[in-house]
Amino acid sequence: MKKWKSLWLVMVIALVAVLGACNAKDKSESAAQDEKVEPSEAATEVTIDNNETTQTYKEAPTKAISLNQHVTEIMLALGLEDSMVGTAYLDDKIYEPLQEAYDKVPVLSDQYPTKEQVIDAEADFLYAGWKSGFGEKGVGTPEELEELGIHTYLHTASNMTKPTLEDIFTDIRNIAKIFRIEDRGEALIEQMTQDVEAIQAKLPKDSEKLRVLVFDSGEKDVFTAGQNFMNELVSIAGGQNIFGDVESGWTTVSKEDAVDRNPEVVVVIDYGETTAEQKIQFLKNDPALKEMEAVKNDRFVILPLSAASEGVRAAEAIEILAKGFYPDNF
């Protein structure tokens, strides 16, 4: 009898244990299900004020098109190539570390795509680097595109006076927020910051900054940088933009004014059909400009336009400038 009582007691204990385990499993599965349906940060609406519009994103775009090279590179640096259905308007070669990602995205046009191309691609997001992207020669106004169910974002840092690295970081954070990849955005910003700080650490201390002329183009006059992003890049690299006091972005100045301010270095912006070498030969042969100290001493730094734009290549641009300004420090 005692033997049967003992056996019964063992069976009861085992049954309780099984029921308890099942109950725990049910609770665990229920909690997991609750976790899945619980609104996450990625599922919340995102509202962005940009280009005089306020746009609300109920979900991350999945069919984005970038309209200028430097914003294309921002999206690729954030790992968004799988969320893109097109790119357009290269200034020159894509940033080499991003080439593989770039090759995965269709190129819709050498310049701006047509509105029909955008519609055919079923785009839900357009990212322009310059205002022209949403101008008369672009793909349409933000209002027109919104009526088609297409969100738009204009890169703020490229369309303001005196942009800084922090302004680029603000754009990166906005794009990361729109696509629900804030961690990637912060990681990119941190890497860019570290790269710039490493370059600055090599610059000479307590020395007078070199006088720098940024030469974009010009034959009768000089098309140069005022208070645009080149002013910021030159300053971070240890130079002083001789026309940094002009309250505009790109600006035209006289040859006489350039000679009077007598730059020690000329930064030649490289893009388009006229090569950097051809621009340098022009400076050397021009009766007025050849009298500048930089030209006499053959001190030129060539900078690709794509690196000079307000994008992820800022550290690369600063390094090119710093090495050209202070070669003995690198």
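The values are calculated or read from the model by the stated rules, or taken from the named source; none is laboratory data. These numbers come from a predicted model, not from an experiment. As a convention, Cβ positions derive from the backbone with ideal geometry for all residues, glycine included, and neighbour counts pool all protein chains shown. Just so you know, the surface numbers come from the protein's heavy atoms only, side chains and all, with ligands and any DNA or RNA stripped out. Shrake-Rupley method; radii C 1.70, N 1.55, O 1.52, S 1.80 Å.
Counting only residues that are at pLDDT 95 or above and assigned to a helix (DSSP H, G or I), which one in the range 295-307 is surrounded by the most Cβ atoms within 10 Å (Cβ to Cβ)?
Here is the first cut: in the range 295-307, the residues at pLDDT 95 or above are 295-303.
Those still in the list that are assigned to a helix (DSSP H, G or I) too: 295-296.
Details: 295: 20, 296: 11.
Checked the range 295-307; the qualifying residue surrounded by the most Cβ atoms within 10 Å (Cβ to Cβ) is 295.
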The conditions are (1) part of a loop (DSSP other than H, G, I, E, B); (2) open to solvent by 20 Å² or more (accessible area, probe 1.4 Å); (3) without any contact (Cβ under 8 Å) to a residue 40 or more places away in the chain, and residue 119 fails exactly one of them. Which is it? (1)
Residue match in the range 269-291 (condition: assigned to a strand (DSSP E or B) and farther than 21 Å from residue 90 by Cβ): no
How many residues of the range 274-294 are within 17 Å of residue 264 (Cβ to Cβ) and buried (at least 17 other Cβ atoms within 10 Å of the Cβ)? The answer is 5
Looking at (1) open to solvent by less than 70 Å² (accessible area, probe 1.4 Å); (2) assigned to a helix (DSSP H, G or I); (3) modelled with pLDDT of 95 or more, which one does residue 100 not meet, given that it meets all the others? (1)
Hey, can you tell me all the residues within the range 64-86 that are over 16 Å from residue 185 (Cβ atoms), touching a helix residue (DSSP H, G or I) at 6+ places or on another chain (Cβ under 8 Å) and among the aliphatic types (A, V, I, L, M)? 65, 67, 84
Only one of 162, 131 is loosely packed, with under 14 Cβ neighbours inside 10 Å, basic (Lys, Arg) and out of contact with any Asp or Glu (no Cβ under 7 Å at 6 or more places or on another chain). Can you tell me which? 131
The range 214-236, subset acidic (Asp, Glu) and in a loop (DSSP other than H, G, I, E, B), residue surrounded by the most Cβ atoms within 10 Å (Cβ to Cβ): 216
Here are 146, 182: which of them is among the acidic types (Asp, Glu), open to solvent by 10 Å² or more (accessible area, probe 1.4 Å) and either touching a residue at least 40 places away in the same chain (Cβ under 8 Å) or under 26 Å from residue 121 (Cα atoms) (or both)? 146
Report every pair of residues separated by at least 6 positions or lying on different chains whose Cβ atoms are under 9 Å apart, first residue within the range 248-266 and among the basic types (Lys, Arg), second not in a loop (DSSP other than H, G, I, E, B). 255/222; 255/289; 261/211; 261/213; 261/253
Could you list all residues from the range 193-213 that are aliphatic (A, V, I, L, M) and surrounded by 11 or more Cβ atoms within 10 Å (Cβ to Cβ)? 196, 198, 199, 203, 210, 212, 213
